Amino acid sequence: MLRTTRPRGRLDTDYIEGIAEITFLMKSRSLFNARLFLTVIGLTPLSQAQTPSPAQSKSPRPTYSLAPYEDRLAAAQSVKVTISILGLELGSTLEQAHAKLDKLSDPAHPPKEEEEGPERKVLWQLARTDYSAVFVKSDERKRITYINAFLRPGKEIPFEKIGDTKKAPLQDVNTIVWDVLRPNRPLFRVMAKGADRKANNITIFVVKRPGLERAAD
């Protein structure tokens, strides 16, 4: 079972809640990635390529034994892990994303963009990179809060080359998750999935969107 100690403050509460969400996400991302793949090949609109809610998933959550809270927090504050894809990071603007990725796009497949409420979603199918596709979501300020990147067959990246596996709070043979806390930044998460501990897709996303929690608080 997941073990947590009593939270101490708003940042601590967000961090603990974020940890508790990981086990569900490790299951739900597989369904999301399947939907996104159908979007890439033109069978599903972007509006349907969404992460399912807990109510939508009936799969049992995996059970993990977590390290003590203090150790997890220290790891999140100091972990060295990939936090950008092709120069694109959380907090970048959609304009910056288009500037970086439009020129890498497959000419036969221009970027697909949709708006859903305050959120905007963009999918790039790429040429001439190790990544075949990049999907992002942005908030009402058009700041990116979510990045999902797919690697081409044969270009998979070993988990240990993505980040320090000793500081990942959750991992198994096919999935690894890092939490990342940086000063003046919201809590965010890096998740890699792939067979035999080699990632074929990497997801980087903000866990808590409202406000900016400071690691020092």
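The values are calculated or read from the model by the stated rules, or taken from the named source; none is laboratory data. Values in this document were obtained by computation on a predicted structure and should not be read as measured data. Glycine gets a Cβ as well: all are built from the backbone with ideal geometry, and neighbour counts include every protein chain shown.
Residue under question is Y131, and the condition is that it be modelled with pLDDT under 90, hydroxyl-bearing (S, T, Y) and surrounded by 14 or more Cβ atoms within 10 Å (Cβ to Cβ); does it hold?
Taking the combined requirement at face value, the residue does not satisfy it.
Table: residues versus (1) in contact (Cβ under 8 Å) with a residue 24 or more places away in the chain; (2) among the hydrophobic types (A, V, I, L, M, F, W, C).
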{"site": "V79", "(1), (2)": "yes, yes"}
{"site": "L88", "(1), (2)": "yes, yes"}
{"site": "G117", "(1), (2)": "no, no"}
{"site": "R120", "(1), (2)": "yes, no"}
{"site": "K142", "(1), (2)": "yes, no"}
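Is it the case that K100 is modelled with pLDDT of 95 or more, of a type in the set (D, E, K, R), under 12 Å from I147 (Cβ atoms) and in contact with a helix residue (DSSP H, G or I) (Cβ under 7 Å, 6 or more places away or on another chain)?
Criteria not met by K100.
Take K137 and tell me if it is surrounded by 19 or more Cβ atoms within 10 Å (Cβ to Cβ), at pLDDT 95 or above and of a type in the set (K, R).
Considered against the rule, which asks whether it is surrounded by 19 or more Cβ atoms within 10 Å (Cβ to Cβ), at pLDDT 95 or above and of a type in the set (K, R), K137 comes out as yes.
Quick one: is K80 surrounded by fewer than 12 Cβ atoms within 10 Å (Cβ to Cβ) and either out of contact with any helix residue (DSSP H, G or I) (no Cβ under 6 Å at 6 or more places or on another chain) or among the hydrophobic types (A, V, I, L, M, F, W, C) (or both)?
In short, yes.
Quick check on K137: is it over 19 Å from the mean Cα position of the chain (by Cα) and more than 29 Å from K166 (Cβ to Cβ)?
Against the criterion (over 19 Å from the mean Cα position of the chain (by Cα) and more than 29 Å from K166 (Cβ to Cβ)), K137 does not qualify.
Name, by its number, the condition in (1) out of contact with any helix residue (DSSP H, G or I) (no Cβ under 6 Å at 6 or more places or on another chain); (2) modelled with pLDDT under 95 that does not hold for R61.
(1)
Find the strands (runs of 3 or more DSSP E) located wholly in region 133-212 whose residues include 2 or more that are within 23 Å of K100 (Cα to Cα), and list them.
Those strands (runs of 3 or more DSSP E) span 144-151, 188-193, 201-206.
Take the residues in region 151-188 that are among the polar types (S, T, N, Q) and in contact with a strand residue (DSSP E or B) (Cβ under 8 Å, 6 or more places away or on another chain), then tell me which one is surrounded by the most Cβ atoms within 10 Å (Cβ to Cβ).
Result: T175.
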